[in-house]
Amino acid sequence: MTSPLIYTYPPLYSGTLIRRYKRFLADIELVNGDVITAHCPNTGPMTGVCDPSSPVLLSYSDNAKRKYPYTWEAIQMRDAERTWVGINTSRSNAIVRSLLEQHLIPELGDYGNIRSEVKYGQDGKSRIDFLLEGERPIYLEVKNTTWAQEGKALFPDTVTQRGQKHLRELTALVDEAGCVMLYLINRGDCDRFSPGDDADPTYGKLLREAVKRGVKILPCQVHISPEGLGYCGLVPLEL
């Protein structure tokens, strides 16, 4: 069951995707017929969520220093049903922070202070997305997930050396602290989650090893609407 909105979008504008290119750019036709170039805040291949002619939602910035004032926020896919998918990965940590501040994930137990971007890892050069301070500290890393096949959310959708490193570092910490990998499923039409073995088999192997060692996996699903996001809860993990 979806909760009330946990995260609210700024005012959004509707359009239709023409194409995405150069990773960070997308040509979009607005409802008034104007064609604009928007910033695409997603570094991945966006597998399955980049179909031309799909409806999209955009935010707008009046910052005069920005070359592209529009930002692509979401796309509506037609898989089993019409579903809005959030593609702006720069919002993922703010969404998860809202979940943490409202203590909407009981699987994390009790914690007090929430710290962001804390240095950790064997070389001390990595930064964990969140450190939850309580009786036992919890290191929590966030991954945004939009790839889905037949109702199953998958991550990653490409080889990710950085993601592999994060799994290794969390696994190395399990004897000292709670370690959590949180997959933010940025669409409301999935009923389970698995590693994207076809895209990165090494990541899948590391994830399974991490689970055996004690890393907690939380596939947290949100429902997207033009107004914002509601929390659906956890979906089952299938390894």
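Evaluating 6.51 cos²θ - 1.76 cosθ + 1.60 at θ = phi - 60° for every residue in region 206-221, the Karplus couplings come out as 5, 5, 5, 5, 4, 4, 4, 7, x, 6, 8, 10, 10, x, 9, 9 Hz, glycine and proline recorded as x. Using a probe of 1.4 angstrom and keeping all protein chains present, the accessible surface of region 152-208 works out to 37 square angstrom per residue. Close amide H partners of R127, meaning residues 5 or more places away or on another chain with modelled amide H under 5 Å apart, are Y120.
Computed from Cα atoms, the angle from the helix 161-173 axis to the main principal axis of the chain rounds to 30 degrees. The alpha-carbon of K67 sits under 15 angstrom from the alpha-carbons of these aspartates and glutamates, leaving out residues fewer than 8 places away in its chain: D27.
Sort the following peptides by mean Cβ neighbour count (other Cβ atoms within 10 Å, averaged over residues), highest first: 132-139, 18-25.
132-139, 18-25
Residue by residue, region 178-193 carries 3J(HN,Hα) couplings of x, 10, 10, 10, 9, 9, 7, 7, 8, 6, x, 10, 10, 10, 6, 9 Hz when phi is fed to the Karplus relation 6.51 cos²θ - 1.76 cosθ + 1.60 (θ = phi - 60°); x denotes Gly or Pro. Counting protein heavy atoms only, the chain has 47 percent of its accessible area on carbon and sulfur, 1.4 angstrom probe.
Answer rounded, prolate or oblate for region 1-52, using the Cα gyration tensor with square roots of eigenvalues a ≥ b ≥ c: rounded when a/c is under 1.5, else prolate when a/b is larger than b/c, else oblate. Note, shape of region 1-52 comes out oblate. In this simple spin-label model, placing a label point 7 Å from the Cα along the Cα-to-Cβ direction at both V174 and A94 gives a separation of 3.5 nm. When nucleic acids and ligands are ignored and a 1.4 Å probe is applied, W84 ends up with an accessible area of around 40 Å². Diffusion coefficient (Stokes-Einstein, Kirkwood radius over C-alpha pairs, 37 °C, 0.692 mPa s) for region 80-140: 247 µm²/s, rounded to a whole number.
In this simple spin-label approximation, R23 and R127 carry label points 7 Å from Cα along the Cα→Cβ vector, and these lie 1.8 nm apart.
Once you order the gyration tensor axes a ≥ b ≥ c over the Cα atoms, which shape class does region 131-239 get: rounded for a/c under 1.5, otherwise prolate or oblate by comparing a/b with b/c? The shape class here is oblate.
If R0 is taken as 35 Å, the Cβ-Cβ distance between E135 and K205 corresponds to a FRET efficiency of 0.60. Compute the helix-to-body angle for 92-101: its Cα long axis versus the longest principal axis of the chain, expressed 0 to 90° and rounded to tens. Rounded to the nearest ten degrees, it is 50.
For the residue pair S14 and D110, what label-to-label distance in nm results when each label sits 7 Å from Cα along the Cα-to-beta-carbon direction? Once both label points are built, they end up 4.9 nm from each other.
The values are calculated or read from the model by the stated rules, or taken from the named source; none is laboratory data. As the structure is a prediction and not an experimental result, all values here were calculated from the model. Virtual Cβ from ideal backbone geometry, glycine too; neighbours counted across all protein chains shown. The protein model used for the area step is the full one, side chains on, heavy atoms only, and it has no ligands, DNA or RNA in it. Shrake-Rupley method; radii C 1.70, N 1.55, O 1.52, S 1.80 Å.
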